[in-house]
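Bear in mind that the values in this text are calculations on the coordinates, not laboratory data. Bear in mind that the values here come from a model prediction, so they are computed numbers and not experimental data. All Cβ positions, even for glycine, are placed from backbone atoms using ideal geometry, and neighbour counts span all protein chains on display.
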Amino acid sequence: MNIPKTDHIFNRSGLAAFSDLNSIEQKDLFSKLEKEQDSFLERQSEFLSRDYKWPLDPLHTWSRIWEYPYVYYHLKKAVESPGLPHDFRVVDLGSAVTFFPFSIAKLGCRVHCLDIDSTCGPNLERAANVVSHSPGKVDFGMISDGRFPLKDGEVDAVYCVSVLEHIPDFENTIEEVYRILKPNGLFVLTIDLDLCGYKEIGTSGYYRLRQALSKYFYLKEPEFTMHPMDMLPFRSGPFPYITYSTWQSWQFHMKQRIRHLLGKKSVSFLPNLAVWGAAMTKGAL
């Protein structure tokens, strides 16, 4: 079997790997983004309202340690590609209020933050007045009835970080992403996968999602198969980025077997989440 060689760990689609976190490429990008989030949070008292309910430190929320560097890498790579327009327009889909669109704007992009939460707009507008993001721009638009406030073929790229799996009618959202993207536009997507299959994107939801994506997009980067022991999962406790060991797996399944024999309901167990990412190109229907 021939394994494709890449010049960067993120030149791929597929599951996040625990070993990625030990790579020089990921560490460099994460360190850069960590500094930018620190600067963003230092100014939050100047723009963030008390009714804002989302995490204030998303970069250190388990899967974001991989997702933000992954998305940043692919957007930076696209911006630096020869022959692209000077006014590179990007959509942050399900943006909330974070440092990340300001980091993307620093690449020279005009970033349109889209969300269904009306509290995000005023907060982002105030943040744009105090948070450095030159030479780009950051603005906000409300998603209304599943419709994006943008014209057909208006933007060069869309990124969506762990949002799509929370939308029951994600087919409509995927169609909207396709609609607003220019021909050959870039769609960078990350989602959390439920390994137990009980909620969010389980087995059936994952295949449904991949089928919906395949109607509109091609994988820009090859999809690698990750070894199960190298998969980046979530687990509770003081060390949340540790893989699910063989001993833990055996212990868990034995407990579930005993519960079953005793006539008790089996219970789910952390880690039950993995993260999947893909860099895709808009296709032609």
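Count neighbours as other Cβ atoms within 10 Å of each site's Cβ, and list the GluC sites (Glu not before Pro) in the stretch 1-89 that are DSSP loop with at most 14 such neighbours.
Counting only loop positions with at most 14 other Cβ atoms within 10 Å, the GluC sites (Glu not before Pro) in the stretch 1-89 are E80.
Pull out the extension gain between E154 and H166, defined as 0.36 nm times the separation in residues minus the alpha carbon to alpha carbon distance; nm, one decimal.
Stretched fully, the E154-H166 segment lengthens by 1.8 nm.
Could you give me the ³J(HN,Hα) list for the stretch 75-83, computed from phi with Karplus coefficients 6.51, -1.76, 1.60 and θ = phi - 60°, whole Hz, x at Gly and Pro?
Once rounded to whole Hz, the list reads 5, 4, 4, 5, 4, 8, 5, x, x.
Apply 1/(1 + (r/R0)^6) to the Cβ-Cβ distance of I116 and D7, taking R0 = 35 Å, and write down the FRET efficiency to the nearest 0.05.
The formula returns an efficiency of 0.35 here.
Quick query: amide H of V158 versus all other amide H atoms, modeled in the peptide plane; which residues come in under 5 Å with a sequence gap of 5 or more or a different chain?
Sorted by chain and number, the residues that satisfy this are V91, L186, F187, V188.
Hey, what do the phi angles of the stretch 182-192 turn into as Karplus ³J(HN,Hα) couplings, whole Hz, using 6.51/-1.76/1.60 and θ = phi - 60°, x for Gly and Pro?
5, x, 6, x, 9, 10, 10, 10, 10, 9, 8
In nm, to one decimal, how far is the T203 label point from the K182 one, both placed 7 Å along Cα→Cβ?
About 4.3 nm separates the two model spin labels.
Taking the stretch 21-53, which trypsin sites (Lys or Arg not before Pro) meet the DSSP loop condition and have no more than 11 other C-beta atoms within 10 Å?
R50, K53
Going by amide H atoms built from the backbone, whose H comes under 5 Å of the H on L232, apart from near neighbours?
A16, A17, F18, V275
Explain nothing, just compute: Karplus ³J(HN,Hα) = 6.51 cos²θ - 1.76 cosθ + 1.60, θ = phi - 60°, for every residue of the stretch 119-132 in order, whole Hz, x for Gly and Pro.
Residue by residue, the stretch 119-132 yields 6, 5, x, x, 5, 5, 5, 5, 4, 5, 7, 10, 9, 5 Hz.
Quick one: order F40, F100 by neighbouring beta-carbon count within 10 Å, fewest to most.
The order, fewest Cβ neighbours first, is F40, F100.
Using a Förster distance of 41 Å, how high is the FRET efficiency between S144 and C196, based on the Cβ-Cβ distance and rounded to 0.05?
E between S144 and C196, to the nearest 0.05, is 0.75.
Quick one: which residues, 5+ away or cross-chain, put their amide H under 5 Å from the amide H of V138? H built at 1.01 Å from N.
Here the answer is V111, since their amide H atoms fall under 5 Å of that of V138.
Taking 35 Å as R0, compute the FRET efficiency from the Cβ-Cβ separation of H86 and K53 and round it to 0.05.
0.40
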